[in-house]
Amino acid sequence: ARSERSGKSYSLLFIDIDQFKSLNDEQGHHTGDEALKALSVILTNNSRAGDVVSRFGGDEFALLFPETDATSCSMLANRIIEVAKTDFKNKGWPIALSVGCVTGSGSSQSIEELLQIADGKMYSMKKEARAQLRSDGDQR
């Protein structure tokens, strides 16, 4: 509704934690809970007061960025990925993020459509990462 009134775009990020099940299985559910909390802090610290950060389910998160175009969304996504990568590595967690971005304006698409698009882009990123791991010889 805000975008409809202002005519400005908004962006949605859909985030999934890669290898989260393995982290839980290998290091215990307490570590998995700590990883979820750490990511929540990263997402909150890398968003503005008017942004919406939410845990979507399990190891998935969604962020809504009002008044944010596709270029800015991509920059935010890359910053979140890099901050998380460093934090996870420092903690010895073999996890990473896959992220899908979508930008819209007004009410041209429903939230369900936007989530579906962002989810599809996130899965594309996840598939590319798996393919890269296989080509590097790492069979995680």
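Where a number appears in this text, it was derived from the coordinates with a stated rule and is not lab data. Quick caveat: nothing in here was measured; it's all calculated off a predicted structure. Neighbour counts are summed over all protein chains in view; Cβ atoms, including those assigned to glycine, are modelled from backbone coordinates with ideal geometry.
Kirkwood Rh over alpha-carbon pairs of segment 88-129, then Stokes-Einstein at 4 °C and 1.567 mPa s: what D in µm² s⁻¹, rounded to an integer?
109
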Compute for the chain: radius of gyration divided by Kirkwood radius, i.e. Rg/Rh, restricted to C-alpha atoms, rounded to two decimals. 1.00
Charges only on Cβ, +1 for Lys and Arg, -1 for Asp and Glu: so what's the dipole of the chain about the Cα centre, in debye to the nearest 20? 220
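What Kirkwood hydrodynamic radius, in Å, does segment 7-55 give when the mean of 1/r is taken over all pairs of distinct Cα atoms and then inverted? Don't jump to the answer; show the numbers that get you there.
Working: mean 1/r = 0.0797 Å⁻¹.
About 12.5 Å, per the Kirkwood formula over Cα pairs.
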Could you calculate the FRET efficiency of Ser105 with Lys37 from 1/(1 + (r/R0)^6), where r is the beta carbon distance between them and R0 is 35 Å, rounded to 0.05? 0.55
How much of the calculated P(r) for segment 26-93 lies past 13 Å, in percent of all Cα pairs? 67
